[in-house]
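The values are calculated or read from the model by the stated rules, or taken from the named source; none is laboratory data. Because the structure is a prediction, the values reported are computed rather than measured. Note: ideal-geometry Cβ built from the backbone for every residue, glycine included; neighbour counts use all protein chains shown.
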């Protein structure tokens, strides 16, 4: 079992300075602490409503939410209140909610997976660790549901496209945000060697 603090650190390190995440956690004093709280919140939510996939060393982690997996409302409310007060704060609620509503409007009414976060420790990036986690998500998706993700990092687009993701919308929220979808028709996805 990988240490959860290590997973939070890997995710936080991977997303520090990411414009999409900066919209949520803000910049300046306390931003790193808010980023770590965001990743802790995300990890808890995916443990309850989706999947947490890691490599053996805990140097790469993928968080995915299943659109139909729910938890009791009071547990969700508790998590969301912690997120709102410890991560968002009042100033960022409106722009973050506005963006989330736009993103969710592009998701289907039927069941799907949302690849929420994928992070690899800096020393392990570019070595296929992230690709291996995506491959595992598709392999474990026994229902063959579509998978959605968002990225604000254009250099990640080729990786996602190798797995059949297509850009379905490009938004400008002060930075480019690519909304992507993979049909996941239970066929073999890319080889890790490609």
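Check the range 27-45 and report whether any residue there is modelled with pLDDT under 95, part of a loop (DSSP other than H, G, I, E, B) and touching a helix residue (DSSP H, G or I) at 6+ places or on another chain (Cβ under 8 Å). No, because not a single residue in the range 27-45 is modelled with pLDDT under 95, part of a loop (DSSP other than H, G, I, E, B) and touching a helix residue (DSSP H, G or I) at 6+ places or on another chain (Cβ under 8 Å).
Inspect the range 3-19 for any residue being in contact (Cβ under 8 Å) with a residue 40 or more places away in the chain, out of contact with any helix residue (DSSP H, G or I) (no Cβ under 7 Å at 6 or more places or on another chain) and farther than 24 Å from residue 135 by Cα and give the result as yes or no. The answer is yes, given that some residue of the range 3-19 is in contact (Cβ under 8 Å) with a residue 40 or more places away in the chain, out of contact with any helix residue (DSSP H, G or I) (no Cβ under 7 Å at 6 or more places or on another chain) and farther than 24 Å from residue 135 by Cα. The one condition from (1) within 18 Å of the chain's Cα centre (by Cα); (2) part of a loop (DSSP other than H, G, I, E, B) that residue 48 does not meet is (2). Checked against (1) in contact with a strand residue (DSSP E or B) (Cβ under 8 Å, 6 or more places away or on another chain); (2) part of a helix (DSSP H, G or I); (3) over 24 Å from residue 170 (Cα atoms), residue 61 meets all criteria but (2). The listed residues are 106, 145, and the only one of them that is modelled with pLDDT under 90 and surrounded by 13 or more Cβ atoms within 10 Å (Cβ to Cβ) turns out to be 106.
Of the strands (runs of 3 or more DSSP E) lying entirely inside the range 80-194, those containing at least 3 residues that are over 22 Å from residue 53 (Cα atoms) span 166-172, 176-182.
For the range 126-144, the set of residues classified as under 22 Å from residue 42 (Cβ atoms) and either in contact (Cβ under 8 Å) with a residue 60 or more places away in the chain or touching a helix residue (DSSP H, G or I) at 6+ places or on another chain (Cβ under 6 Å) (or both) consists of 129, 130, 131, 132, 133, 134, 136, 137, 140, listed by residue number.
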